[in-house]
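Let me begin by presenting the structure, written as structure tokens, before commenting on it.
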Amino acid sequence: MVEIHSTVRHIQVAGADLGTAGRLKIALISSLVVIDTIWIAASDFEFDLRSLAKVAAVTIALATISWFYRVKRPIRQFETLCTETAFLLAFSASAAVFSVLMTSIGLPLVDDRLMAIDAELGFDWLAYVGFVNDRPWLGVASSLVYVTTISQVALTVVAVGMLGHLQMVQRFVLSVMFGALICIVISALLPAAGALGTIRPSPDFIAANNPVVDLEYKQAFFDLRNGLGRLISLDEPRGLIAFPSYHSTLSVLIVLAFVGTGRWFWLVLALNLAVIFSTPVDGGHHLIDVLGGVAVAFAAWALAGRFFAVRTSIRTDS
């Protein structure tokens with residue numbers, strides 16, 4: 001984790017005038033790095049430092065480019081895009097490690113309660129996925145849209161920034177950080193295996209659609225809870241959060257970031273509605289996981305919005 005700490009310091013030096021929002025992001029990343037480092041050192045976990053090299057190199061390169069467009073050839077648009085992308089990379093790496101560590105706490109699963117809530121809402125996971133299984137074209141479409149989310153996060157920073165909505169980009173990145181931290185903490189305190197990991201349908205049922213997340217993929221979650229899988233590598237990231245669904249959180253945040261961009265908003269909205277509908281199928285989630293993820297997104301967006309409102313007010317008063 002030393003390289004992440006070095007990267008954070010490089011970001012701070014490269015952009016000496018990052019403002020309050022930038023300093024908050026650095027504080028969040030630095031705090032995660034400290035927690036991750038101490039936790040790993042005090043436990044039986046091992047961290048693959050080699051897996052960090054690529055993330056560190058790209059992040060430092062982006063921070064350097066950001067410094068160039070801030071100091072040597074001021075172009076705020078490019079500087080903001082590079083800075084926020086560097087923040088995303090550094091945060092994603094430290095948060096991924098934090099998620100693994102938090103999952104290992106191994107508190108009792110709450111899937112029975114989540115399934116009871118789904119039942120009260122009239123949602124039957126087997127029937128929902130079975131409907132998709134009976135329509136192979138729908139299963140292919142579901143998988144194709146589901147895997148776009150991570151790429152969409154990076155593209156959102158670039159696209160919204162190129163459209164000139166720089167403060168929206170900054171708010172989006174801060175919201176992604178808040179959303180991730182909320183999901184990680186809740187998923188550790190109220191751990192769930194998801195509908196797929198709980199119901200464990202027959203191999204034929206799963207093979208009918210070949211979802212992105214299958215039982216083999218889910219095994220990493222169970223291994224961590226059982227004291228296995230003690231090597232943490234950024235080369236093999238695994239989605240460990242079931243409740244609330246971070247995939248749904250990201251989808252909503254992406255849509256919110258495109259508000260006010262005209263026709264782009266409607267295209268992004270359509271794509272991410274499809275992602276949300278695909279989440280129980282290709283993510284193996286309960287319906288309440290998805291609804292919880294949506295709620296987290298609005299909470300994270302509102303929290304970031306309040307921060308920027310305060311920031312703007314302070315600048316006006318001064």
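Computed over the chain, the per-residue total of -39500 (n - 2.57) for DSSP H runs of n ≥ 4 gives a 222 nm mean residue ellipticity of -24000 deg cm²/dmol, rounded to 500.
Full extension of the chain segment joining Arg200 with Glu236 gains 10.6 nm, where the gain is 0.36 nm per residue of separation less the Cα-Cα distance. Residues of segment 28-43 with backbone nitrogen within less than 17 Å of a virtual label 7 Å along the Cα-to-Cβ line of Ile105, please, listed as ranges. From segment 28-43, the list is 32-33, 35-40, 43. Please identify every one of the chymotrypsin sites (Phe, Trp or Tyr not before Pro) in segment 110-194 that sits in a loop by DSSP and has no more than 11 other beta carbons within 10 Å of its own beta carbon. Of the chymotrypsin sites (Phe, Trp or Tyr not before Pro), not one in the loops of segment 110-194 has a Cβ with at most 11 other Cβ atoms within 10 Å.
The Ala302 and Tyr128 beta-carbon pair, evaluated with R₀ = 35 Å, returns a calculated FRET efficiency of approximately 0.75. In this simple spin-label approximation, Val71 and Leu155 carry label points 7 Å from Cα along the Cα→Cβ vector, and these lie 3.5 nm apart. With all protein chains in place and ligands, DNA and RNA left out, the 1.4 Å accessible area ranks Thr20, Thr148, Thr249 as Thr20, Thr148, Thr249, largest first.
To the nearest ten degrees, helix 111-120 and the longest principal axis of the Cα atoms of the chain are 80 degrees apart. Specify the angular offset, from 0 to 90 degrees and rounded to the nearest 10, of the alpha carbon long axis of helix 76-103 from the longest principal axis of the alpha carbons in the chain. Helix 76-103 sits roughly 40 degrees off the main axis of the chain.
Distance from the C-alpha centroid of segment 102-127 to that of segment 211-258: 16 Å, rounded to the whole angstrom. Note on surface exposure: Cys82, Cys183 rank Cys82, Cys183 by accessible area, highest first, 1.4 Å probe. With the highest mean first, a sort of the peptides 242-248, 297-303 on other beta-carbon atoms found within 10 angstrom per residue produces 242-248, 297-303.
Within the same chain, aspartates and glutamates fewer than 8 places from Lys25 are excluded, and of the rest, those with a Cα less than 17 Å from its Cα are Asp17, Asp36, Glu79, Glu84.
Within the full protein context, the accessible area of Val55 is estimated at about 40 Å² for a probe radius of 1.4 Å. Net charge dipole, the chain: roughly 1420 debye, given to the nearest 20, about the Cα centre with Cβ charges of +1 for Lys and Arg and -1 for Asp and Glu. Computed from Cα positions, the angle between helix 263-282 and the longest principal axis of the chain comes to roughly 40 degrees. Considering only Tyr246, Ile206, Trp67, the residue lying farthest towards the positive end of the dipole of the chain is Trp67, judged by Cα position with unit charges set on Cβ.
The values are calculated or read from the model by the stated rules, or taken from the named source; none is laboratory data. Note that this is a predicted model, so its numbers are computed, not measured. No Cβ is skipped: glycine too gets one built from the backbone with ideal geometry, and neighbour counts run over all protein chains shown. Surface areas here come from the heavy atoms of the whole protein model, side chains and all, with no ligands, DNA or RNA. Shrake-Rupley method; radii C 1.70, N 1.55, O 1.52, S 1.80 Å.
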